[in-house]
1. May I ask you to order 106-114, 254-262 by the average number of other C-beta atoms within 10 Å around their residues, highest value first?
2. Going by how many other beta carbons lie within 10 Å of each one, how would you line up 149, 62, fewest first?
3. If you stretched the chain out fully between residue 106 and residue 143, how much longer would it get, using 0.36 nm times the residue separation minus the C-alpha to C-alpha distance?
4. Classify the stretch 68-176 from the C-alpha gyration tensor, please: rounded if a/c falls under 1.5, else prolate or oblate depending on whether a/b exceeds b/c.
5. In nm, to one decimal, how far is the modelled label at residue 174 from the one at residue 305, with both set 7 Å along Cα→Cβ?
6. Among (i) -0.18, -0.25, -0.77, -1.09; (ii) -0.28, -0.37, -0.86, -1.04; (iii) -0.21, -0.29, -0.84, -1.11, which is the computed log10 I(q)/I(0) by the Debye sum over Cα atoms at q = 0.06, 0.07, 0.12, 0.14 Å⁻¹?
7. Using 7 Å Cα-to-Cβ label points, what is the residue 234/residue 202 separation (nm, one decimal)?
8. Give, in nm to one decimal, the length gained when the segment between residue 114 and residue 42 is fully stretched (0.36 nm per residue of separation minus the Cα-Cα distance).
């Protein structure tokens with residue numbers, strides 16, 4: 001069994017309208033699901049991805065309105081890296097971000113910037129063998145569009161124990177010092193660790209909640225068994241409607257999830273209608289009026305497209 005790279009990354013926002021405007025309007029991702037947190041149904045769960053809502057491009061946000069800005073610390077991911085296909089794409093994004101009031105810093109084949117709430121983002125120009133996962137946007141040429149996840153960086157304090165989990169249980173390979181790659185049949189993704197800062201971390205707007213690694217649906221139970229055989233304490237398999245999940249913390253404290261590559265976002269809507277309406281899982285469908293009354297209305301980002 002192999003974990004097929006990064007499935008999704010979930011973060012926190014205190015401003016769903018502003019978050020939607022940045023990730024769809026500026027970065028050009030597609031809103032593929034507008035739903036709620038199953039564990040707290042008065043909280044939005046927004047999913048941005050490529051045109052088809054594919055695992056490997058799925059950046060998600062829980063909205064806690066007015067949440068204070070957080071701070072990444074030990075046991076937290078502090079930077080998310082997405083792929084583009086050329087240095088020319090980095091030129092395009094450097095210009096576009098600055099035109100939208102977002103400062104960006106170039107480091108050779110990388111471009112670093114923060115989202116409006118301080119979440120650390122990076123674009124890397126790479127000729128990855130993975131299929132590019134691209135969303136359409138009228139202002140972004142296809143050759144410059146974001147192509148899916150590449151890697152993340154985290155602050156870790158127990159890297160020796162994390163190494164054992166990653167290599168012996170999860171099947172990761174070392175790509176450089178303190179960096180590990182997980183790759184399966186279709187995708188590659190990696191995680192790297194740096195020494196934590198002096199100040200402790202604080203969950204809040206602009207921080208990462210967890211990272212999910214992709215599994216084949218038929219192998220999910222076997223992964224649960226493998227975790228337990230490796231001495232890892234985890235949740236049971238949880239049905240998240242769009243996928244099934246197992247959660248656990250690695251020794252340095254980062255919350256990991258193993259998520260199945262299906263059934264996906266078209267389980268309740270055809271691909272052309274993804275993200276256009278609030279979707280509730282069956283267990284919450286009878287509470288639609290109550291839930292909608294607690295949520296800030298969000299527009300369809302593509303409603304004005306010709």
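1. Details: 106-114: 14.7, 254-262: 21.2.
My ranking of the peptides, most packed first, is 254-262, 106-114.
2. 62, 149
3. Net length gain for the segment: 11.4 nm.
4. oblate
5. Roughly 4.5 nm, to one decimal.
6. Correct label is (i).
7. Placing both labels 7 Å along Cα→Cβ, they lie 3.4 nm apart.
8. My answer for the length gained is 23.2 nm.
Read the figures in this text as sums done on the coordinates, not as results from a lab. Just so it is clear, the structure is predicted and the values come from calculations on it, not from any experiment. For neighbour counting, all protein chains shown are included, and Cβ atoms are generated from backbone atoms with ideal geometry for every residue, glycine included.
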